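Read the structure below first, then the notes.
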Amino acid sequence: MLIICMFFGLAVAANAQTRISTSDPVEKAKELQGKLKLTDKQTAKIAAIYQESAQKFEKIKTEQNGNNDKMLVAIRPLRATTIQKIKAVLTPAQKVRYDKLVKGSGKASTGWSDGWSATASN
């Protein structure tokens with residue numbers, strides 16, 4: 001029983017670490033680099049876009065005092081702007097693949113459209 005508890009604890013800790021690293025703007029951009037075959041220059045630009053987006057999200061979160069309904073309304077334009085900025089860095093072929101990532105499998109957010117969410121593992 002102790003071994004099962006230890007295994008479960010390690011699994012939870014590993015999952016938490018994965019979610020933390022993929023919500024880091026630089027790590028998220030590097031993961032996107034692999035998915036879209038971005039150049040290093042594109043990856044750096046996208047990391048900066050994700051970082052800016054994450055900072056703006058934190059400001060919205062603070063301003064809305066954690067009110068989820070108000071936050072959802074406030075972040076819609078931020079998410080749209082972030083997507084637009086990222087697409088401006090991409091080639092036409094990369095845009096097609098990026099659109100598929102953003103749409104995911106019908107989820108509300110796959111994390112690729114912002115700088116603060118953990119990405120879904122696709």
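For every residue, the table says whether it meets (1) surrounded by 15 or more Cβ atoms within 10 Å (Cβ to Cβ); (2) within 14 Å of Y98 (Cα to Cα); (3) modelled with pLDDT under 90.
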residue: E27; (1), (2), (3): yes, no, no
residue: K35; (1), (2), (3): yes, yes, no
residue: D40; (1), (2), (3): no, no, no
residue: I49; (1), (2), (3): yes, no, no
residue: E52; (1), (2), (3): yes, no, no
residue: E63; (1), (2), (3): no, no, yes
residue: G66; (1), (2), (3): no, no, yes
residue: D69; (1), (2), (3): no, no, yes
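Of all residues in the range 68-88, none satisfies the criterion of being in contact with a Ser or Thr (Cβ under 7 Å, 6 or more places away or on another chain) and in contact (Cβ under 8 Å) with a residue 40 or more places away in the chain.
The values are calculated or read from the model by the stated rules, or taken from the named source; none is laboratory data. Note that the coordinates shown come from a computational prediction; the quantities given were computed from them, not determined experimentally. Cβ sites come from the backbone with ideal geometry, for glycine too, and all protein chains shown count toward neighbours.
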